[in-house]
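This report refers to the structure that appears directly beneath it.
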Amino acid sequence: MTLIAPPFTRSQRAFERASKVLPGGVNSPVRSCQAVDADPIFIDHADGAFMWDVDQNRYIDYVGSWGPMILGHRHPRVLEALEDALEHGTSFGAPSIAEIELAELIVSSVPSIEMVRLVSSGTEATMSAIRLARAFTKRDMVIKFDGCYHGHADSFLIKAGSGLQTLGISSSPGVPEELAKLTVSLPFNDIDALKAAFKEHDKKIAAIILEPIIGNAGLILPKDGYLEAMRELATKHGALLIFDEVMTGFRVALGGAQQLYKIKPDLTTLGKIIGGGLPVGAYGGRRDIMEMIAPLGSVYQAGTLSGNPLAMAAGTAQLRMLQIPHSYEQLEHRTQRLADGLTELIQKSKVVAQVANVTGMICLFFNKDKVTDLASAQKCDTKKFAKFWQALRDRGIYWPPSQFEAAFISLEHSKQDIDDTLKAVEETLKVI
Ligand code: KE4
């Protein structure tokens, strides 16, 4: 594996220029690479499983735009759909057939979603779902889980994951204390903590919202029986169960984590993959709840670019490709090949680390104890992770720049790409 040629001259110049006009030189914190003691790499173009930076260094990409690029970059079907949509215009501010097509695909793929509203980001989806749950139950409190990240709406920036963990700011300034009090954040995988919260707050809890598989504290799977017990508790106490599947939706299975674990949430939020790489989000679920959304009902939510024709076209093309039989078996096979290879390399090395994986997602925790919640994830050696990330970058692998994120595999990552990745990891484990 040849080392690429740092310093990254053009990236450095771009970063200096960006830093004059963009806070931190980026438009989303986790891209800053601060957590891995590095400056961000500026990307020039991408194709399939690869990205090239502005210095024309090529990387095998395991960020995949943080999940959307499940078919790889610039998939021909997605590009064709976008070219066709462009012939008709870019945005109408009026309904279009394209919105119905994507909505029908979502409803047909996720049985718990009887009706859906399309928006422009995962954050919009989760903040709207919470507003809807509060209106439907006439209650104000929300339960979330430490390390889960549901976007940057005020109610969620309490002990949140992703960029907040990465930057060590688990709760953000600027969230009014009065509002923060309405969010209770509990340890994940601890059903007794949930029972205690219901005992304390009972009829005040409007909803439980969670990532059924956490991808924002590294990758953390639910313990056996945890989601089933949560479902029962929510029903018993009249709280809505919201699965935030912005990351896991159409990622771990066509029907998301709820298909894997056979749980029926009351509401589901989606994003990322359903937009094919363009800005999109969605929330949906039980018809009796969704019918409260304006203009049918009185719960207000709106968006200039909701249902944008380009995003609809890209998302529909991507979801149609994912309906092809055996797509997820293929994705699982590639994920498992990488996971098995990483586990074998770690066992042969002196490095303390462990692999967590589920179809299409993988994470290397630099920690010897099993990671079952945020507290155990925080015991990871983030300095060692930073060295791992830099050494992989220098060998042409673009891994998510944070211990508190998951890496994404696409249907474009070939056997050769995975073998090349394992070769780079083998060399990396010798030098960190
Ligand atoms: P967006 O507003 O970023 O589209 O979606 C927010 C969101 C909601 N729910 C879950 C489970 C999510 O993972 C996200 C966003 N994920 C992060 C990656 N961990 C986005 C990357 C970033 O913030 O730059």
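Each value in this text was obtained by applying a stated rule to the coordinates, not by laboratory testing. Worth saying up front: this structure is predicted, and the values here are computed from it rather than measured. Using ideal geometry, Cβ is built from the backbone for each residue, glycine included, and neighbour counts are taken over all protein chains shown.
Greater than 28 Å separation of Cα atoms is the criterion. Which listed pairs, Lys204/Lys379; Lys159/Lys387; Lys236/Lys368; Lys181/Lys383; Lys20/Lys181, meet it?
Lys204/Lys379; Lys236/Lys368; Lys181/Lys383; Lys20/Lys181
Two-decimal Rg/Rh of the stretch 238-329 from alpha-carbon positions, Kirkwood Rh?
Value, to two decimals: 1.00.
Based only on other Cβ atoms within 10 Å, what is the fewest-to-most ordering of Trp52, Trp66?
Least to most surrounded, the residues fall as Trp52, Trp66.
Suppose only helical runs count, i.e. DSSP H with n ≥ 4. What mean residue ellipticity at 222 nm does that imply for the chain under -39500 (n - 2.57) per run, divided by all residues and rounded to the nearest 500 deg cm²/dmol?
Computed mean residue ellipticity for the chain: -11500 deg cm²/dmol.
How far is helix 97-109 tilted, in degrees, relative to the longest principal axis of the Cα atoms in the chain, given as a value from 0 to 90 rounded to the nearest 10?
90 degrees
If contacts are Cα pairs under 8 angstrom and at least 6 residues apart, what is the relative contact order of the stretch 76-322 in percent?
So the answer I get is 31 percent.
I'm checking a number: the convex hull volume of the Cα atoms of the stretch 97-149, normalised per residue, in Å³. What is it?
110 Å³
Find the Cα radius of gyration of the stretch 1-145, compare it with 2.2 N^0.38 Å by division, and give the number to two decimals.
1.39
Compute the Cα gyration tensor for the stretch 185-341, then decide on rounded, prolate or oblate, letting a ≥ b ≥ c be the square roots of its eigenvalues: rounded whenever a/c is under 1.5, prolate when a/b is larger than b/c in the other cases, and oblate in all that remain.
oblate
Run the Debye formula on the Cα coordinates of the chain, all scatterers equal and no solvent, and tell me log10 I(q)/I(0) at q = 0.05, 0.08, 0.13, 0.14 1/Å.
Each listed q maps to, in turn, -0.16, -0.43, -1.18, -1.37.
Please work out the FRET efficiency for the pair Thr304 and Ile324, using the Cβ-Cβ distance as r and a Förster radius of 41 Å; give the result to the nearest 0.05.
Given R0 = 41 Å and the Cβ-Cβ separation, E is 0.75.
Hey, fewest Cβ within 10 Å first, where do Asp154, Asp61, Asp417 land in order?
Asp154, Asp417, Asp61
Let me check I've understood the local charge: for Leu374, count other residues with C-beta under 14 angstrom from its C-beta, Lys and Arg +1, Asp and Glu -1. What total comes out?
Neighbourhood net charge equals -2.
Give me the angle, in degrees from 0 to 90, between the Cα long axis of helix 415-431 and the longest principal axis of the Cα atoms of the chain, rounded to the nearest 10.
The two axes meet at around 70 degrees.
Counting Lys and Arg as +1 and Asp and Glu as -1, what is the net charge of the other residues whose Cβ lies under 15 Å from the Cβ of Pro176?
Here the charged neighbours net out to -3.
Tally Lys and Arg at +1 and Asp and Glu at -1 over the other residues with C-beta under 12 Å from the C-beta of Asp266: what net charge comes out?
My count for the surroundings of Asp266 gives +2.
Beyond 17 Å, what share of the Cα-Cα pairs of the stretch 158-274 remains, rounded to the nearest whole percent?
59 percent
Give me the angle, in degrees from 0 to 90, between the Cα long axis of helix 122-137 and the longest principal axis of the Cα atoms of the chain, rounded to the nearest 10.
Roughly 20 degrees between the two axes.
Over all directions, how big on average is the projection of the convex hull of the alpha-carbon atoms in the stretch 90-230, in square nanometres?
Orientation-averaged projected area of the Cα hull: 10.7 nm².
Starting from 0 in steps of 5 Å, tell me what percent of the Cα-Cα pairs of the stretch 363-425 lands in each bin.
Taking all Cα pairs of the stretch 363-425, the binned fractions are 4, 17, 25, 23, 16, 12, 4, 0 percent.
For the chain, calculate the relative contact order in percent as a whole number, restricting contacts to Cα pairs under 8 Å that are 6 or more residues apart.
23 percent
Rounded, prolate or oblate: pick one for the stretch 159-203, where a ≥ b ≥ c are the square roots of the eigenvalues of its C-alpha gyration tensor, a/c under 1.5 means rounded, and failing that, prolate if a/b is larger than b/c, else oblate.
oblate
Please say if the stretch 76-322 is rounded, prolate or oblate, where rounded means a/c under 1.5 for a ≥ b ≥ c the square roots of the C-alpha gyration tensor eigenvalues, and otherwise the choice is prolate for a/b larger than b/c and oblate otherwise?
Prolate, because a/c is 1.5 or more and a/b exceeds b/c.
Percent of Cα-Cα pairs per 5 Å bin, from 0 to the last occupied bin, for the stretch 309-417, please list those.
2, 11, 17, 21, 18, 12, 9, 7, 2, 0, 0
If a paramagnetic tag sat 7 Å from the Cα of Ala153 along the Cα-Cβ line, which residues of the stretch 189-210 would have the backbone N under 18 Å from that point?
Answer for the stretch 189-210: 205-210.
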